[in-house]
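The values are calculated or read from the model by the stated rules, or taken from the named source; none is laboratory data. Computed from a prediction, not measured in an experiment: that's the story for all the values here. Positions of Cβ are generated from backbone atoms using ideal geometry, with glycine treated the same way; all protein chains shown enter the neighbour counts.
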Amino acid sequence: METLNLDLNKKYTFADYITWFDDKRRELINGFINFMSPAPTRHHQDISGDLYTYFNVFLKNKKCKVYSAPFDVRLPKNGEKEDNKIYNVVQPDIVVVCDPNKLDEKGCIGAPDLIVEILSKSTRKIDMQDKFFLYQNSGVNEYWIAYPNEKTIHKFVLNKKNKYELKGMFVEDDKISPTIFPDLKIDITEVFDM
């Protein structure tokens, strides 16, 4: 399939994004295109699959839902719902949504309750800076950054001032629990086991 000729210096909206039919994965951050890296590594997929499985089993028959990439999350500013006014569309590795009103056939519109991003060389800066502030400013309650090489997950939770606060750096032999599901214990060693 032929790649579209898009202007990387132009701002786009979700209305533009949904018309791009080619084999490239993209995100929009503040209206600007962010090309997703080539297919994730096998190790990345193993980590994603393990985390997804933990969440999926725990959330079975509960109101909250878990999704894995590719899954579009639209983060509108000022509550805008029209496709041509949404400038932020991301595809996090793992997304947990507890408000069914935020889900539609296009994915999620509004801040999920929890997002997990698994770092790779090509996404490191975007996940640690651009998405960190986008998720914080959009009201994503909890953000986990997984570091495959270090076998570590950093857990950030919004505080009362709507700023992310580091709530822990979880390493092998630790168990991490989402703030919204303290009964879910995820074994870090199992997640990063190759």
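Determine if segment 72-89 includes at least one residue that is closer than 22 Å to Phe192 by Cβ, modelled with pLDDT of 95 or more and either in contact with a Phe, Trp or Tyr (Cβ under 9 Å, 6 or more places away or on another chain) or not β-branched (Val, Ile, Thr) (or both). Can you show your working first?
Taking segment 72-89 and keeping what is closer than 22 Å to Phe192 by Cβ, we get none.
For segment 72-89, residues closer than 22 Å to Phe192 by Cβ, modelled with pLDDT of 95 or more and either in contact with a Phe, Trp or Tyr (Cβ under 9 Å, 6 or more places away or on another chain) or not β-branched (Val, Ile, Thr) (or both): absent.
Hey, Ile18 hits all of (1) within 18 Å of the chain's Cα centre (by Cα); (2) in contact (Cβ under 8 Å) with a residue 12 or more places away in the chain but one; which does it fall short on?
With (1) within 18 Å of the chain's Cα centre (by Cα); (2) in contact (Cβ under 8 Å) with a residue 12 or more places away in the chain applied to Ile18, the lone miss is (1).
When residues of segment 6-48 are filtered for being of a type in the set (Lys, Arg) and part of a helix (DSSP H, G or I), how many remain?
Kept after step one, since they are of a type in the set (Lys, Arg), are these residues of segment 6-48: 10-11, 24-26, 42.
Checking which are part of a helix (DSSP H, G or I) leaves us with 42.
Summing the residues that are of a type in the set (Lys, Arg) and part of a helix (DSSP H, G or I) in segment 6-48 gives 1.
Tell me whether segment 40-57 contains one or more residues that are exposed (fewer than 15 other Cβ atoms within 10 Å of the Cβ), modelled with pLDDT of 95 or more and among the charged types (D, E, K, R).
No, because not a single residue in segment 40-57 is exposed (fewer than 15 other Cβ atoms within 10 Å of the Cβ), modelled with pLDDT of 95 or more and among the charged types (D, E, K, R).
Mind checking which residues of segment 152-187 are over 20 Å from His44 (Cα atoms) and among the aromatic types (Phe, Trp, Tyr)?
Phe156, Tyr164, Phe181
So, in segment 127-162, exactly how many residues are in contact (Cβ under 8 Å) with a residue 24 or more places away in the chain and among the hydrophobic types (A, V, I, L, M, F, W, C)?
Number of matching residues: 8.
Go through segment 183-194 and report how many residues are farther than 16 Å from Leu114 by Cβ and surrounded by 19 or more Cβ atoms within 10 Å (Cβ to Cβ).
Our first condition is that a residue be farther than 16 Å from Leu114 by Cβ; within segment 183-194, this holds for 187-190, 192-194.
Right, trim to surrounded by 19 or more Cβ atoms within 10 Å (Cβ to Cβ) and you get 192.
Of the residues in segment 183-194, 1 are farther than 16 Å from Leu114 by Cβ and surrounded by 19 or more Cβ atoms within 10 Å (Cβ to Cβ).
Would you pick out the residues in segment 49-104 that are in a helix (DSSP H, G or I), in contact (Cβ under 8 Å) with a residue 40 or more places away in the chain and either in contact with a helix residue (DSSP H, G or I) (Cβ under 6 Å, 6 or more places away or on another chain) or within 24 Å of Ile126 (Cα to Cα) (or both)?
If the condition is that a residue be in a helix (DSSP H, G or I), in contact (Cβ under 8 Å) with a residue 40 or more places away in the chain and either in contact with a helix residue (DSSP H, G or I) (Cβ under 6 Å, 6 or more places away or on another chain) or within 24 Å of Ile126 (Cα to Cα) (or both), then Asp50, Leu51, Tyr52, Asp83, Asn84, Lys85 are the ones that fit.
Scanning segment 125-182 for residues that are under 19 Å from Pro112 (Cβ atoms) and among the basic types (Lys, Arg), which turns out surrounded by the fewest Cβ atoms within 10 Å (Cβ to Cβ)?
The initial filter retains those residues of segment 125-182 that are under 19 Å from Pro112 (Cβ atoms), namely 126-128, 130-146, 153-159, 162-165, 167, 176-182.
Now drop any that are not among the basic types (Lys, Arg), which leaves 131, 155, 163, 167.
Values: Lys131: 25, Lys155: 21, Lys163: 10, Lys167: 15.
The qualifying residue surrounded by the fewest Cβ atoms within 10 Å (Cβ to Cβ) is Lys163.
Going by the structure shown, is Ile33 surrounded by 15 or more Cβ atoms within 10 Å (Cβ to Cβ) and either touching a residue at least 12 places away in the same chain (Cβ under 8 Å) or in contact with a strand residue (DSSP E or B) (Cβ under 9 Å, 6 or more places away or on another chain) (or both)? Spell out the reasoning first.
Details: surrounded by 15 or more Cβ atoms within 10 Å (Cβ to Cβ): yes; either touching a residue at least 12 places away in the same chain (Cβ under 8 Å) or in contact with a strand residue (DSSP E or B) (Cβ under 9 Å, 6 or more places away or on another chain) (or both): yes.
So Ile33 fits the description; yes.
Return yes or no: is Asp187 under 15 Å from Tyr52 (Cα atoms) and either acidic (Asp, Glu) or free of Cβ contacts under 8 Å to residues at least 12 places away in the same chain (or both)?
Details: under 15 Å from Tyr52 (Cα atoms): yes; either acidic (Asp, Glu) or free of Cβ contacts under 8 Å to residues at least 12 places away in the same chain (or both): yes.
Yes, satisfied.
Which ones in segment 89-110 are surrounded by fewer than 22 Cβ atoms within 10 Å (Cβ to Cβ) and under 17 Å from Asp130 (Cα atoms)?
Gln91
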